[in-house]
Amino acid sequence: MSFPQLLRRAASCDGKEFSLPYREHALLTLLLLNRGKILSRDEIISRLWPCADGGPASGANRITQMVNIIHARSGAEFIEVCPGRGLLIDAPSSGLRAVAA
């Protein structure tokens with residue numbers, strides 16, 4: 001295994017694999033591990049950036065960008081935005097998965 005393969009982050013949706021940057025992969029993994037549960041943006045920020053000092057607004061904006069990247073790369077919109085509450089994945093377990101190799 002070469003070094004670049006150690007950094008590979010991917011996911012698959014209905015059998016179609018797509019690559020993701022590290023942070024987007026971390027967000028997708030977090031949401032998949034909490035499938036069916038709404039995670040607030042504050043909770044996501046505290047889990048992905050425990051030492052964040054850009055304030056909640058910048059973190060919330062970054063999360064929106066990350067969701068857009070995930071949707072663009074996957075070709076599907078499976079992350080639900082629940083206004084005022086947070087994010088949710090409520091997809092069938094067989095159709096969506098994060099892969100780290």
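The values are calculated or read from the model by the stated rules, or taken from the named source; none is laboratory data. Nothing here was measured: the structure is a model prediction, and the numbers come from that model. Note that each Cβ is placed from the backbone with ideal geometry, even for glycine, and that neighbours are counted across all protein chains shown.
Of all residues in segment 2-13, those that are modelled with pLDDT under 75 and of a type outside the set (A, V, I, L, M) total 5. For segment 79-101, filtering for residues that are at pLDDT below 90 and either closer than 18 Å to ARG9 by Cα or touching a Ser or Thr at 6+ places or on another chain (Cβ under 9 Å) (or both) leaves 7. Can you find, within segment 26-47, the residue that is farthest from the chain's Cα centre (by Cα) among those that are part of a helix (DSSP H, G or I) and polar (S, T, N, Q)? The residue in question is SER46.
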